[in-house]
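Before any comments, here is the structure.
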Amino acid sequence: MKVCIIGGGFIGSTIAKALEEMEEIETVFVLDKYEDRVKKLAEEYKKVSPTPDLASVVEKVDLVIESATQAAVKEYAPVALESGKDLMVLSVGAFVDQNFWTRCKELAKENDCRIYIPSGAICGTDGLHAASVGRIDEVILISYKPPSALKDVEYLKKKKIDLDGIERAKVVFDGHAEDAVRYFPRNINVAATISLTGKGFEKTRIRIVADPNIKRNIHRLIVKGEFGEIECNARNLPSRKNPRTSVLAALSAIATVKKIVGNVWVGA
Ligand SMILES: NC(=O)c1ccc[n+]([C@@H]2O[C@H](COP(=O)([O-])OP(=O)(O)OC[C@H]3O[C@@H](n4cnc5c(N)ncnc54)[C@H](O)[C@@H]3O)[C@@H](O)[C@H]2O)c1
């Protein structure tokens, strides 16, 4: 199988390392805004080849993995899907744009390919997925983050919320997933993932708490419905390379590739 990774940062480089060790994977093209990142990966891993864009390799690959930004999803998802290539998306927040989400789903159907959205930094999407077959009454996600993980968020600057030197946990957002994803585009992709799995962006409630007393990104998912209740906690270690991103997010992408190339899906 040949793969193209868009974005060679923390998640992209972690995936590239894992793919190097998977015998099913033949070639890994990598595309990044910064050529030196791709060059470094190509020096480190034999299977990695730099590519300046997706268009020049899309016909050669079987799977395109986006691990860059929401803007990159907008730019490259149609290119992959129009060419009939399977697509994995990490910057899931891009799908808050309902027209874009519908277009991507239609392109996947027309061109007989698939869109994969890994569980990312969250636990419980399997149960939520099963529960969504029946009636769901409530989906709430409470995310606790160290203030460093919320650095440079424009929404917080606009609201004049200063997290420097806070001593106690502070709720910085409480509202619908749609707004959470728009206001925290690099911090709360999991809100998009659970919205797409469960009740949609408008009916999924998100609370974001900046907590100076934690070092992990904690996601608490609560689902209530006719099936009963689910409560899941993920206490994620942040990546050293990018404190906004949890290590589990990269692992979930690798686990999804293993599912794709394997013949057995457990917990699907
Ligand atoms: N689904 C989840 O649960 C989850 C969890 C964590 C992070 N994420 C998202 O995954 C994405 C990657 O995270 P990361 O920690 O690896 O980020 P990162 O900043 O470490 O790496 C992103 C890389 O993408 C590159 N890039 C940006 N725009 C590009 C473009 N248009 N074309 C090519 N390359 C581009 C950057 O130069 C950078 O090297 C982010 O959008 C992040 O918000 C999702």
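The values are calculated or read from the model by the stated rules, or taken from the named source; none is laboratory data. Model, not experiment: these values are computed from the prediction. Positions of Cβ are generated from backbone atoms using ideal geometry, with glycine treated the same way; all protein chains shown enter the neighbour counts. Just so you know, the surface numbers come from the protein's heavy atoms only, side chains and all, with ligands and any DNA or RNA stripped out. Shrake-Rupley method; radii C 1.70, N 1.55, O 1.52, S 1.80 Å.
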Local electrostatic count at I140 - Lys and Arg +1, Asp and Glu -1, tallied over other residues with Cβ under 9 Å: +3
Count the net charge of all other residues whose Cβ sits under 11 Å from the Cβ of K85, scoring Lys and Arg as +1 and Asp and Glu as -1. -2
Can you list the residues, at least 5 places off or on another chain, whose amide H is less than 5 Å from the amide H of V30, using H built in the peptide plane? I5, S49, T51
Could you tell me which residue out of V48, V3, H129 lies farthest along the dipole of the chain toward its positive end? Charges go on the beta carbon: Lys and Arg +1, Asp and Glu -1, centred on the Cα centre. H129
Given the range 131-268, report the % of alpha carbon pairs whose separation exceeds 19 Å. 55 percent
So what is the relative contact order of the chain, in percent, for Cα pairs below 8 Å that sit 6 or more residues apart? 19 percent
Debye log10 I(q)/I(0) at q = 0.07, 0.10, 0.17 Å⁻¹ for the chain, Cα point scatterers: -0.24, -0.51, -1.39
Compute a Gaussian network model of the chain, connecting alpha carbons closer than 10 Å, and tell me which residue from G12, G200, G165 fluctuates the most. G165
Could you tell me what percent of the accessible area of the chain is made up of carbon and sulfur, with a 1.4 Å probe and every protein chain present? 46 percent
Residues whose placed amide H lies under 5 Å from that of M88, excluding near-sequence neighbours: V64, I65, E66, Y116
Suppose all protein chains stay in the model; what accessible area per residue would a 1.4 Å probe give for the range 125-243, in Å²? 55 Å²
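Multiplying the sequence separation of K159 and E231 by 0.36 nm and subtracting their Cα-Cα distance, what value in nm do you get?
On the way: separation 72, 0.36 × 72 = 25.92 nm, distance 3.09 nm.
Full extension of this stretch gives 22.8 nm more.
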Mind pulling the angle between the C-alpha long axis of helix 247-261 and the longest principal axis of the chain? Nearest 10 degrees, somewhere in 0 to 90. 40 degrees
Can you pull the percent of Cα pairs in the range 22-103 with separation above 17 Å? 49 percent
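Could you work out the longest stretch of the chain that avoids the GluC sites (Glu not before Pro) located in DSSP loops with at most 16 other Cβ atoms within 10 Å?
Numbers: sites that count: E21, E23, E24, E26, E167, E202, E226.
Free of exposed loop sites, the longest segment is 27-166.
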Mind listing which trypsin sites (Lys or Arg not before Pro) in the range 58-140 are in a DSSP loop and have 14 or fewer other Cβ atoms within 10 Å? R114, R135
5 angstrom amide H check on G225, placed H, neighbours 5+ away: D137
Out of V64, V139, V92, a Gaussian network model of the chain with alpha-carbon springs under 10 Å gives the largest mean-square fluctuation to V139
Report, in deg cm²/dmol and to the nearest 500, the calculated mean residue ellipticity at 222 nm for the chain, where each DSSP H run with n ≥ 4 adds -39500 (n - 2.57) and the sum is divided by the residue count. -10000 deg cm²/dmol
Approximate spin-label separation K259-K60, in nm, with each point projected 7 Å along Cα-to-Cβ: 2.9 nm
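I want the local charge near I115. Using Cβ-Cβ distances under 9 Å, sum +1 for each Lys or Arg and -1 for each Asp or Glu among the other residues.
It works out to a net charge of +1.
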